[in-house]
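One structure is given here, and the rest of the page talks about it.
The values are calculated or read from the model by the stated rules, or taken from the named source; none is laboratory data. No experiment lies behind these values; they were computed from the predicted model shown. No Cβ is skipped: glycine too gets one built from the backbone with ideal geometry, and neighbour counts run over all protein chains shown. Accessible surface areas use protein heavy atoms only, side chains included; no ligands, DNA or RNA. Shrake-Rupley method; radii C 1.70, N 1.55, O 1.52, S 1.80 Å.
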Amino acid sequence: MKKGLVLEGGAMRGLWTAGVTDVMMEHDIWPDGLIGVSAGAAFGCNYKSRQAGRAIRYNMRFAKDSRYSGLLSLLKSGDYFNADFDYHVVPYDYDVFDTTAFKENPMEFIVVCTDVVTGQAVYHSMSDVNYDELEWLRASASMPLVSKVVEVGGRKLLDGGVSDSIPLAYFESIGYERNVVILTQPLGYQKTHNRLMPFMRMSLHGYPRFLKALDERHVMYNKQLAFVAQAEQEGRCLVIRPDEKIPIGHISHDAHQMQHVYELGRSVGERYIERIKAYYEN
(Lines give C-alpha, C1' and ligand atoms only; values in the text may rest on other atoms or scores of the structure.)
Protein backbone atom coordinates (compact mmCIF):
# COMPACT_ATOMS: atom_id res chain seq x y z
CA MET A 1 0.00 0.00 0.00
CA LYS A 2 1.60 3.27 -1.15
CA LYS A 3 1.74 6.14 1.33
CA GLY A 4 1.17 9.62 -0.03
CA LEU A 5 1.36 13.23 1.08
CA VAL A 6 -0.98 15.80 -0.51
CA LEU A 7 -0.13 19.50 -0.13
CA GLU A 8 -2.60 22.13 -1.25
CA GLY A 9 -1.45 25.65 -2.12
CA GLY A 10 -2.34 28.97 -0.58
CA ALA A 11 0.59 31.27 -1.46
CA MET A 12 2.28 32.42 1.77
CA ARG A 13 0.01 30.14 3.81
CA GLY A 14 2.37 27.49 2.46
CA LEU A 15 4.81 28.49 5.20
CA TRP A 16 2.35 27.03 7.71
CA THR A 17 2.45 23.79 5.72
CA ALA A 18 6.27 23.96 5.69
CA GLY A 19 6.16 24.05 9.48
CA VAL A 20 4.14 20.82 9.53
CA THR A 21 6.29 19.05 6.93
CA ASP A 22 9.55 20.11 8.58
CA VAL A 23 8.38 18.40 11.77
CA MET A 24 7.55 15.30 9.74
CA MET A 25 11.04 15.25 8.24
CA GLU A 26 12.63 15.76 11.63
CA HIS A 27 10.72 12.69 12.85
CA ASP A 28 12.02 10.66 9.90
CA ILE A 29 8.66 10.24 8.16
CA TRP A 30 9.12 9.53 4.46
CA PRO A 31 6.03 8.79 2.33
CA ASP A 32 6.32 7.01 -1.00
CA GLY A 33 5.06 10.04 -2.90
CA LEU A 34 4.18 13.70 -2.57
CA ILE A 35 1.88 15.77 -4.76
CA GLY A 36 2.02 19.53 -4.39
CA VAL A 37 -0.04 22.40 -5.76
CA SER A 38 1.30 25.96 -6.08
CA ALA A 39 3.08 26.79 -2.80
CA GLY A 40 2.60 23.14 -1.84
CA ALA A 41 4.90 22.27 -4.74
CA ALA A 42 7.30 25.23 -4.47
CA PHE A 43 7.94 24.54 -0.77
CA GLY A 44 7.19 20.80 -0.86
CA CYS A 45 10.16 20.09 -3.12
CA ASN A 46 12.32 20.54 -0.01
CA TYR A 47 10.75 17.36 1.38
CA LYS A 48 12.18 15.29 -1.45
CA SER A 49 15.58 16.98 -1.05
CA ARG A 50 15.36 16.36 2.73
CA GLN A 51 15.99 20.02 3.60
CA ALA A 52 13.90 20.86 6.65
CA GLY A 53 13.97 24.57 7.40
CA ARG A 54 14.92 25.71 3.91
CA ALA A 55 11.55 27.20 2.87
CA ILE A 56 11.19 29.47 5.89
CA ARG A 57 14.88 30.37 5.82
CA TYR A 58 15.04 31.82 2.31
CA ASN A 59 11.61 33.44 2.53
CA MET A 60 12.64 35.34 5.65
CA ARG A 61 16.05 36.21 4.23
CA PHE A 62 14.59 37.75 1.08
CA ALA A 63 11.32 39.07 2.54
CA LYS A 64 12.14 42.69 1.70
CA ASP A 65 14.59 42.10 -1.13
CA SER A 66 13.31 43.66 -4.38
CA ARG A 67 15.23 41.03 -6.34
CA TYR A 68 13.01 38.35 -4.82
CA SER A 69 9.53 39.88 -5.06
CA GLY A 70 7.62 43.14 -5.17
CA LEU A 71 5.98 45.72 -7.35
CA LEU A 72 9.28 46.62 -9.00
CA SER A 73 9.67 43.03 -10.17
CA LEU A 74 6.05 42.99 -11.38
CA LEU A 75 6.52 46.22 -13.37
CA LYS A 76 9.85 45.15 -14.84
CA SER A 77 9.16 41.51 -15.62
CA GLY A 78 5.42 40.84 -15.30
CA ASP A 79 6.08 38.55 -12.33
CA TYR A 80 5.60 39.68 -8.73
CA PHE A 81 7.91 36.86 -7.67
CA ASN A 82 11.04 37.35 -9.78
CA ALA A 83 11.18 34.29 -12.02
CA ASP A 84 14.91 34.16 -12.67
CA PHE A 85 16.16 35.19 -9.22
CA ASP A 86 13.73 33.04 -7.21
CA TYR A 87 13.91 29.84 -9.22
CA HIS A 88 17.31 29.95 -10.92
CA VAL A 89 19.59 32.06 -8.70
CA VAL A 90 18.54 31.50 -5.07
CA PRO A 91 18.61 27.66 -5.32
CA TYR A 92 22.16 27.69 -6.67
CA ASP A 93 23.85 30.77 -5.19
CA TYR A 94 22.16 31.77 -1.93
CA ASP A 95 20.28 28.89 -0.27
CA VAL A 96 21.54 25.89 -2.17
CA PHE A 97 18.98 23.29 -3.16
CA ASP A 98 20.37 19.78 -2.65
CA THR A 99 19.87 18.48 -6.17
CA THR A 100 21.75 15.26 -5.43
CA ALA A 101 19.53 14.38 -2.47
CA PHE A 102 16.45 15.25 -4.53
CA LYS A 103 17.46 12.90 -7.36
CA GLU A 104 18.55 10.09 -5.05
CA ASN A 105 15.42 10.12 -2.91
CA PRO A 106 13.06 7.47 -4.39
CA MET A 107 9.99 9.41 -3.24
CA GLU A 108 7.82 10.36 -6.21
CA PHE A 109 7.24 14.11 -6.50
CA ILE A 110 4.37 15.41 -8.62
CA VAL A 111 3.72 19.05 -9.45
CA VAL A 112 0.22 20.23 -10.41
CA CYS A 113 -0.15 23.04 -12.97
CA THR A 114 -3.05 24.37 -15.05
CA ASP A 115 -2.86 24.47 -18.85
CA VAL A 116 -4.20 27.92 -19.77
CA VAL A 117 -5.23 26.74 -23.24
CA THR A 118 -7.37 23.82 -22.08
CA GLY A 119 -8.17 24.94 -18.54
CA GLN A 120 -7.28 21.43 -17.37
CA ALA A 121 -4.87 20.18 -14.72
CA VAL A 122 -1.45 18.91 -15.78
CA TYR A 123 0.42 16.51 -13.49
CA HIS A 124 4.18 16.51 -13.92
CA SER A 125 6.45 13.99 -12.21
CA MET A 126 9.69 15.72 -11.26
CA SER A 127 12.63 13.40 -10.63
CA ASP A 128 15.52 15.61 -11.70
CA VAL A 129 16.57 19.24 -11.18
CA ASN A 130 17.44 21.47 -14.12
CA TYR A 131 16.19 24.70 -15.67
CA ASP A 132 13.02 23.21 -17.20
CA GLU A 133 12.12 21.19 -14.11
CA LEU A 134 12.37 24.31 -11.96
CA GLU A 135 10.12 26.07 -14.48
CA TRP A 136 7.45 23.45 -13.73
CA LEU A 137 7.69 24.44 -10.07
CA ARG A 138 7.39 28.10 -11.02
CA ALA A 139 4.38 27.42 -13.22
CA SER A 140 2.55 25.61 -10.44
CA ALA A 141 3.00 28.61 -8.13
CA SER A 142 2.38 31.36 -10.70
CA MET A 143 -0.74 33.20 -9.57
CA PRO A 144 -2.93 34.84 -12.24
CA LEU A 145 -2.72 38.65 -12.50
CA VAL A 146 0.73 38.81 -10.87
CA SER A 147 2.50 36.23 -13.05
CA LYS A 148 3.23 35.73 -16.71
CA VAL A 149 2.17 32.50 -18.39
CA VAL A 150 5.00 29.96 -18.10
CA GLU A 151 5.91 28.02 -21.23
CA VAL A 152 7.52 24.66 -20.51
CA GLY A 153 7.12 21.12 -21.83
CA GLY A 154 5.26 22.39 -24.88
CA ARG A 155 2.49 23.85 -22.71
CA LYS A 156 1.39 27.24 -21.44
CA LEU A 157 0.87 27.00 -17.70
CA LEU A 158 -0.20 28.84 -14.56
CA ASP A 159 -1.30 28.11 -10.98
CA GLY A 160 -2.19 24.46 -10.41
CA GLY A 161 -4.77 25.44 -7.81
CA VAL A 162 -7.08 26.77 -10.53
CA SER A 163 -7.81 23.28 -11.86
CA ASP A 164 -7.02 20.87 -9.00
CA SER A 165 -6.58 22.57 -5.64
CA ILE A 166 -6.56 19.42 -3.46
CA PRO A 167 -5.44 16.54 -5.72
CA LEU A 168 -6.38 13.65 -3.43
CA ALA A 169 -8.61 12.01 -6.06
CA TYR A 170 -5.82 12.08 -8.62
CA PHE A 171 -3.31 10.65 -6.16
CA GLU A 172 -5.69 7.82 -5.28
CA SER A 173 -6.21 7.15 -9.00
CA ILE A 174 -2.50 6.42 -9.48
CA GLY A 175 -2.25 4.02 -6.57
CA TYR A 176 -1.74 6.04 -3.39
CA GLU A 177 -4.15 4.44 -0.95
CA ARG A 178 -3.03 5.87 2.37
CA ASN A 179 -2.67 9.63 2.25
CA VAL A 180 -1.97 12.47 4.63
CA VAL A 181 -3.64 15.64 3.31
CA ILE A 182 -2.40 19.01 4.56
CA LEU A 183 -4.89 21.84 4.01
CA THR A 184 -4.30 25.54 4.59
CA GLN A 185 -7.83 26.54 5.57
CA PRO A 186 -9.59 25.70 8.86
CA LEU A 187 -12.50 23.31 9.26
CA GLY A 188 -15.73 24.80 7.93
CA TYR A 189 -14.09 27.01 5.32
CA GLN A 190 -15.92 27.40 2.00
CA LYS A 191 -14.44 29.24 -0.97
CA THR A 192 -16.50 32.00 -2.56
CA HIS A 193 -16.55 33.36 -6.11
CA ASN A 194 -13.38 35.25 -7.05
CA ARG A 195 -14.12 38.97 -6.77
CA LEU A 196 -11.19 39.74 -9.10
CA MET A 197 -12.80 37.99 -12.09
CA PRO A 198 -13.35 41.27 -14.02
CA PHE A 199 -9.60 41.93 -13.88
CA MET A 200 -8.87 38.28 -14.71
CA ARG A 201 -11.01 38.56 -17.83
CA MET A 202 -9.12 41.63 -18.98
CA SER A 203 -5.71 40.12 -18.26
CA LEU A 204 -6.37 36.61 -19.60
CA HIS A 205 -8.93 37.26 -22.34
CA GLY A 206 -6.97 35.09 -24.75
CA TYR A 207 -7.58 31.97 -22.68
CA PRO A 208 -11.35 31.44 -22.38
CA ARG A 209 -11.12 27.91 -20.97
CA PHE A 210 -8.73 29.01 -18.27
CA LEU A 211 -11.10 31.88 -17.44
CA LYS A 212 -13.96 29.38 -17.15
CA ALA A 213 -11.90 27.32 -14.70
CA LEU A 214 -11.15 30.48 -12.70
CA ASP A 215 -14.81 31.48 -12.71
CA GLU A 216 -15.87 28.07 -11.38
CA ARG A 217 -12.93 27.48 -9.07
CA HIS A 218 -14.93 27.98 -5.89
CA VAL A 219 -17.37 25.26 -6.96
CA MET A 220 -14.54 22.84 -7.75
CA TYR A 221 -12.74 23.62 -4.50
CA ASN A 222 -15.78 23.13 -2.29
CA LYS A 223 -16.53 19.80 -4.00
CA GLN A 224 -12.97 18.72 -3.28
CA LEU A 225 -13.39 19.65 0.37
CA ALA A 226 -16.45 17.40 0.47
CA PHE A 227 -14.48 14.60 -1.22
CA VAL A 228 -11.67 14.94 1.35
CA ALA A 229 -14.18 14.92 4.21
CA GLN A 230 -15.74 11.70 2.89
CA ALA A 231 -12.31 10.10 2.43
CA GLU A 232 -11.36 11.09 5.95
CA GLN A 233 -14.56 9.59 7.32
CA GLU A 234 -13.82 6.34 5.48
CA GLY A 235 -10.23 6.24 6.78
CA ARG A 236 -8.69 6.76 3.32
CA CYS A 237 -6.81 9.84 4.47
CA LEU A 238 -5.63 11.73 7.54
CA VAL A 239 -6.35 15.45 7.28
CA ILE A 240 -4.22 18.12 8.95
CA ARG A 241 -5.55 21.67 8.89
CA PRO A 242 -4.99 24.90 10.84
CA ASP A 243 -7.11 25.49 13.92
CA GLU A 244 -8.15 28.91 12.60
CA LYS A 245 -7.49 31.20 9.67
CA ILE A 246 -3.74 31.49 9.05
CA PRO A 247 -2.73 35.09 9.83
CA ILE A 248 -0.98 35.95 6.56
CA GLY A 249 -2.07 37.10 3.11
CA HIS A 250 -1.21 35.74 -0.31
CA ILE A 251 1.78 38.09 -0.32
CA SER A 252 3.88 39.19 2.66
CA HIS A 253 7.16 41.03 3.17
CA ASP A 254 7.11 40.72 6.95
CA ALA A 255 9.74 38.22 8.11
CA HIS A 256 8.34 38.16 11.66
CA GLN A 257 4.88 37.32 10.32
CA MET A 258 6.38 34.53 8.22
CA GLN A 259 8.18 33.11 11.25
CA HIS A 260 4.98 33.25 13.31
CA VAL A 261 2.99 31.38 10.64
CA TYR A 262 5.74 28.79 10.29
CA GLU A 263 5.83 28.22 14.06
CA LEU A 264 2.04 27.78 14.10
CA GLY A 265 2.49 25.02 11.53
CA ARG A 266 5.23 23.40 13.57
CA SER A 267 2.98 23.42 16.63
CA VAL A 268 0.24 21.58 14.77
CA GLY A 269 2.81 19.21 13.28
CA GLU A 270 4.10 18.29 16.72
CA ARG A 271 0.55 17.74 17.91
CA TYR A 272 -0.21 15.40 15.00
CA ILE A 273 3.11 13.61 14.70
CA GLU A 274 2.16 10.42 16.55
CA ARG A 275 -1.12 10.21 14.64
CA ILE A 276 0.77 10.55 11.37
CA LYS A 277 3.20 7.79 12.32
CA ALA A 278 0.38 5.51 13.40
CA TYR A 279 -1.64 6.22 10.26
CA TYR A 280 1.24 5.46 7.90
CA GLU A 281 2.30 2.37 9.87
CA ASN A 282 -1.20 0.89 10.18
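Scanning segment 162-170 finds no residues that are touching a residue at least 40 places away in the same chain (Cβ under 8 Å), open to solvent by less than 20 Å² (accessible area, probe 1.4 Å), under 25 Å from R57 (Cα atoms) and touching a Lys or Arg at 6+ places or on another chain (Cβ under 9 Å).
Looking at the structure I just gave you, is R13 open to solvent by 10 Å² or more (accessible area, probe 1.4 Å) and assigned to a helix (DSSP H, G or I)? Yes.
For segment 146-161, the candidate set comprises residues that are over 18 Å from the mean Cα position of the chain (by Cα) and over 16 Å from D86 (Cβ atoms); within that set, the residue that is most open to solvent (accessible area, probe 1.4 Å) is E151.
The rows are residues; the columns are (1) open to solvent by 30 Å² or more (accessible area, probe 1.4 Å); (2) under 18 Å from A11 (Cα atoms).
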residue	(1), (2)
I35	no, yes
A39	no, yes
G44	no, yes
S49	no, no
R57	yes, yes
M60	yes, yes
T99	yes, no
K103	yes, no
Q120	yes, no
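Only one of the listed residues (D22, D28) is charged (D, E, K, R) and either more than 24 Å from R271 (Cα to Cα) or open to solvent by 40 Å² or more (accessible area, probe 1.4 Å) (or both). That residue is D28. Can you confirm whether G119 is at positive phi and within 18 Å of the chain's Cα centre (by Cα)? Criteria not met by G119. For segment 211-268, a tally of residues being open to solvent by 40 Å² or more (accessible area, probe 1.4 Å), in contact with a Pro (Cβ under 8 Å, 6 or more places away or on another chain) and in a loop (DSSP other than H, G, I, E, B) returns 4.
All of (1) surrounded by 23 or more Cβ atoms within 10 Å (Cβ to Cβ); (2) more than 30 Å from F171 (Cβ to Cβ); (3) not basic (K, R) hold for Y94 with one exception: (1). Note on segment 171-185: among residues that are in contact (Cβ under 8 Å) with a residue 12 or more places away in the chain and either open to solvent by 60 Å² or more (accessible area, probe 1.4 Å) or under 18 Å from A18 (Cβ atoms) (or both), the one that is farthest from the chain's Cα centre (by Cα) is E177.
Within segment 269-281, the set of residues being without any contact (Cβ under 8 Å) to a residue 24 or more places away in the chain and either part of a loop (DSSP other than H, G, I, E, B) or open to solvent by 60 Å² or more (accessible area, probe 1.4 Å) (or both) comprises R271, E274, E281.
Residues of segment 217-268 that are among the basic types (K, R), under 22 Å from A52 (Cα atoms) and touching a residue at least 60 places away in the same chain (Cβ under 8 Å): R266 alone.
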